[in-house]
1. Looking only at residues that are over 14 Å from Ala145 (Cα atoms) and at pLDDT below 90 in region 115-130, which one is surrounded by the fewest Cβ atoms within 10 Å (Cβ to Cβ)?
2. Quick one: which residue in Ile301, Ile295 is assigned to a helix (DSSP H, G or I) and surrounded by 16 or more Cβ atoms within 10 Å (Cβ to Cβ)?
3. For region 448-493, give me each residue that is at pLDDT below 95 and among the acidic types (Asp, Glu).
4. Has region 53-62 got any residue that is buried (at least 20 other Cβ atoms within 10 Å of the Cβ) and assigned to a helix (DSSP H, G or I)?
5. Can you spot a residue in region 371-384 that is more than 16 Å from ligand 1 (Cβ to nearest atom) and either free of Cβ contacts under 8 Å to residues at least 24 places away in the same chain or loosely packed, with under 14 Cβ neighbours inside 10 Å (or both)?
6. Just a yes or no: is a residue in region 333-347 touching a helix residue (DSSP H, G or I) at 6+ places or on another chain (Cβ under 9 Å), of a type in the set (Asp, Glu) and either part of a loop (DSSP other than H, G, I, E, B) or more than 30 Å from Val436 (Cα to Cα) (or both)?
7. What are the residues in region 29-51 that are part of a helix (DSSP H, G or I), surrounded by fewer than 20 Cβ atoms within 10 Å (Cβ to Cβ) and free of Cβ contacts under 8 Å to residues at least 40 places away in the same chain, if any?
8. Of the conditions (1) within 14 Å of ligand 1 (Cβ to nearest atom); (2) among the small types (Gly, Ala, Ser); (3) open to solvent by less than 10 Å² (accessible area, probe 1.4 Å), Gly421 clears all except one; give me its number.
Amino acid sequence: MRDRFAAAAALRELASLLELLGENPFKVRAYERGARAIEELGDRFEELAKDNRLTEVEGIGEAIAQKAVDFVRTGTFPALEKARAALPPGALELSRVPGLGPKRARQLYDELDIKSVEELRRAAAEGKVRKLKGFGEKMEQSLLASIGVFEAHRHETSLADAQSEGAAILDHLRGSPAVARAELAGSLRRWKEVVSDLDVVAGSSDPEAVMAHFARYPLAAKVEAQGKTKTTIRLSHGLQVDLRVLPPEDFTTALHHFTGSKAHHARLRGIAKERGLTLSEWGLTRSEGGEKIPIADEAEIYAALGLPYMPPELREDQGEFEAAAKGDKFTDLVKLEDLRGLVHCHTVYSDGRATLQEMAETADALGMKYMTVTDHSPTASYAGGLTLDRLHQQWDEIDRVQERVKVKLLRGTESDILADGSLDYPDAVLEKLDVVIASIHTRHSMDEAQMTERLEHAMRLPMFKIWGHALGRLLLEREPVACRVEEVLDALAESRGAVEINGDPRRLDLAPHWARKARTRGLSFVLSVDAHSTQAIGYHLPFAVGMARRAGIRKKEVLNALPLEKFRAAVRPGA
Ligand SMILES: [Zn+2]
Ligand SMILES: [Zn+2]
């Protein structure tokens with residue numbers, strides 16, 4: 001079964017190709033929206049596609065539904081094939097260079113016969129690109145920088161994409177009667193934001209049968225290597241997948257071993273040695289005599305080494321051993337079940353796709369106690385930012401919807417941080433809100449000094465604010481803004497504020513490495529959904545939790561793990 005992500009990717013490819021071909025932008029957007037709606041459908045996609053009922057979903061019309069159904073059946077659809085045939089090879093790759101876009105890619109092809117990123121890099125380096133109409137020297141420089149980002153991430157896959165590939169591979173493996181158990185390991189299991197390959201571990205007493213079955217995976221473009229205990233395949237869009245097969249009784253230690261990280265395991269092996277033990281993927285044995293110690297689950301490995309259980313998200317040798325030595329048992333790391341409120345929700349008032357009522361009902365269905373309604377502020381006009389009038393209308397609607405739902409709806413805004421670091425509504429308005437998220441949406445490319453000043457100014461404002469998707473990165477697309485992050489965190493710690501861990505799988509911002517720095521300053525966190533649809537709520541939450549756990553964030557540091565009244569008091573914007 002081709003999953004929803006593959007179908008969405010095909011629709012996105014069509015959208016990009018059509019844009020490149022100069023097709024009507026509304027049609028292009030419709031395919032992009034359709035792709036997103038399909039991704040967010042979750043497991044319902046399969047069933048709806050099978051029953052031809054995709055048109056019941058908002059954002060999916062007849063034309064898109066038909067293409068998705070064709071894709072599920074055949075792996076492609078006529079419009080995609082036609083569009084692919086109409087363009088030179090490399091056009092799509094070019095259009096994916098961050099900041100380039102299909103229109104300019106087309107111009108480059110028409111005027112300079114540029115068909116690949118490499119050709120573009122050469123032309124830009126030779127100063128040919130600046131001469132094109134609408135380009136100029138500054139654009140040429142920023143294109144060169146963008147190509148650098150593109151090249152650096154060429155062989156990486158985002159966590160969300162890797163998870164969906166991984167889930168499909170597990171389904172396939174578990175379909176073989178020879179497989180006793182199978183799990184994903186590696187950096188994916190440790191919730192790293194991007195992965196360079198996928199590690200899969202299977203337990204079986206018939207490894208050859210498992211290897212043969214794995215090599216028949218329908219989306220495998222190539223079998224790179226096939227051995228007795230390890231087989232490597234490459235998927236059609238480049239991701240490498242390594243499968244290791246061990247006897248069922250060694251599954252747990254193998255899964256632990258291949259989850260890594262290398263640095264964490266080096267520490268574990270050292271500790272094992274001191275205790276007269278040897279640890280490897282084949283098990284935990286006594287160094288003298290080689291007697292195997294029975295291991296039922298990963299916690300027993302740690303217990304045998306005199307350590308508390310360390311969850312995969314912490315296995316980086318970034319302080320977990322030192323913390324354990326001081327008595328940390330890691331049992332209070334924040335969990336999905338700890339969250340009581342949804343923070344950072346958009347509605348149709350700005351650029352969300354669902355109404356307030358629909359978002360609130362979804363929050364109710366998840367058993368959430370409160371939800372912050374934080375649409376965009378006026379300056380974000382491209383995202384339908386709310387004028388003061390519209391904001392007041394929304395307050396009325398909040399009152400009306402509140403009568404029909406259990407979840408407490410809180411008035412809020414996602415205010416732009418303007419170029420000078422000020423917020424987008426006057427203080428008198430902000431004070432009437434329950435919660436203010438402050439985010440950067442424009443002018444990401446300011447230099448480090450300017451950006452630091454802009455952010456520090458915003459963070460020092462006396463209003464309580466949550467620093468939204470802090471560094472503005474888009475995974476594999478846009479690097480974080482340049483700023484002196486620790487100084488900005490200092491400013492926020494001295495003022496009144498908290499840091500968001502944004503669960504949109506394209507953002508995952510603030511990154512765990514910086515969130516650790518925020519922790520050392522005593523800052524609190526909110527684990528946000530940044531949801532623009534009802535489906536995104538449930539889809540985004542686990543990502544926010546995963547990133548927070550990697551940063552070692554505890555339940556007591558998370559504001560939206562608090563009960564309603566305590567949360568309200570903690571985030572109240574009044575100066
Ligand atoms: Zn935002
Ligand atoms: Zn947002």
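1. Ser116
2. Numbers: Ile295 fails: assigned to a helix (DSSP H, G or I).
From the options Ile301, Ile295, the qualifying one is Ile301.
3. Glu477, Glu479 - these are the residues of region 448-493 that are at pLDDT below 95 and among the acidic types (Asp, Glu).
4. yes
5. Just the residues of region 371-384 that are more than 16 Å from ligand 1 (Cβ to nearest atom), to begin with: 371.
After this cut, where a residue has to be either free of Cβ contacts under 8 Å to residues at least 24 places away in the same chain or loosely packed, with under 14 Cβ neighbours inside 10 Å (or both) as well, the list is none.
The answer is no; no qualifying residue exists.
6. No, there is no match, as no residue in region 333-347 is touching a helix residue (DSSP H, G or I) at 6+ places or on another chain (Cβ under 9 Å), of a type in the set (Asp, Glu) and either part of a loop (DSSP other than H, G, I, E, B) or more than 30 Å from Val436 (Cα to Cα) (or both).
7. Initially, region 29-51 is screened for residues part of a helix (DSSP H, G or I), giving 29-39, 44-50.
Right, trim to surrounded by fewer than 20 Cβ atoms within 10 Å (Cβ to Cβ) and you get 29-30, 32-33, 36, 44, 46-47, 50.
Those that are part of a helix (DSSP H, G or I), surrounded by fewer than 20 Cβ atoms within 10 Å (Cβ to Cβ) and free of Cβ contacts under 8 Å to residues at least 40 places away in the same chain: Arg29, Ala30, Glu32, Arg44, Glu47, Lys50.
8. (1)
The values are calculated or read from the model by the stated rules, or taken from the named source; none is laboratory data. All of these numbers come straight from a predicted model, not from anything done at the bench. Because the Cβ atoms are built from the backbone with ideal geometry, glycine has one as well, and the counts that use them run over all protein chains shown. The accessibility values were calculated without ligands, DNA or RNA, using every heavy atom of the protein model including side chains. Shrake-Rupley method; radii C 1.70, N 1.55, O 1.52, S 1.80 Å.
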